[in-house]
1. Which ones in segment 12-53 are in contact with a helix residue (DSSP H, G or I) (Cβ under 9 Å, 6 or more places away or on another chain), without any contact (Cβ under 8 Å) to a residue 24 or more places away in the chain and assigned to a helix (DSSP H, G or I)?
2. Could you list, ordered by first residue, the pairs with Cβ atoms under 8 Å in which the first is in segment 56-84 and closer than 19 Å to VAL37 by Cβ and touching a residue at least 24 places away in the same chain (Cβ under 8 Å) and the second is of a type in the set (Ser, Thr, Tyr) and part of a loop (DSSP other than H, G, I, E, B), at least 6 apart or interchain?
3. I'd like to verify a number: residues in segment 54-84 that are part of a helix (DSSP H, G or I), modelled with pLDDT under 85 and either out of contact with any strand residue (DSSP E or B) (no Cβ under 6 Å at 6 or more places or on another chain) or of a type in the set (Asp, Glu) (or both), how many?
4. Consider segment 46-76. How many of its residues are on the phi > 0 side of the Ramachandran plot and exposed (fewer than 13 other Cβ atoms within 10 Å of the Cβ)?
5. Looking at this structure, is VAL43 exposed (fewer than 15 other Cβ atoms within 10 Å of the Cβ) and either under 25 Å from LYS83 (Cα atoms) or modelled with pLDDT of 85 or more (or both)?
Amino acid sequence: MAKDPMELQIEGALLAGGYKFEKGEKTGALDFYLVHVGVFIEVKQFHSDRIAEQMASQKNVIAVQGKYAVNFLAKLLAGDTEKP
């Protein structure tokens, strides 16, 4: 199954930023788990009814929705300090 391009972008940013993380296959329903900070990240292109269930499944979840929001978060995670 092909990965969502926005998930791949966040994954690349987590790697670039040196974050230790687990992918969704290990975390259950959410896309990423930041091991040392105890925060989950869920990436969505569009809003769906399913996201409420996913958000309620864990504490400390960052939901990032949409291309521009994903780009912004990816830059922050990767340590890109240049403002748009």
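1. LEU15, GLY24, listed by residue number.
2. Filtered contacts from segment 56-84: LEU77/TYR19.
3. Total satisfying the criteria: 1.
4. Of the residues in that region, 1 qualify.
5. no
The values are calculated or read from the model by the stated rules, or taken from the named source; none is laboratory data. On a predicted model such as this, the values are computed, not experimentally measured, just so you know. Every residue, glycine among them, receives a Cβ derived from its backbone with ideal geometry; neighbour counts consider all protein chains shown.
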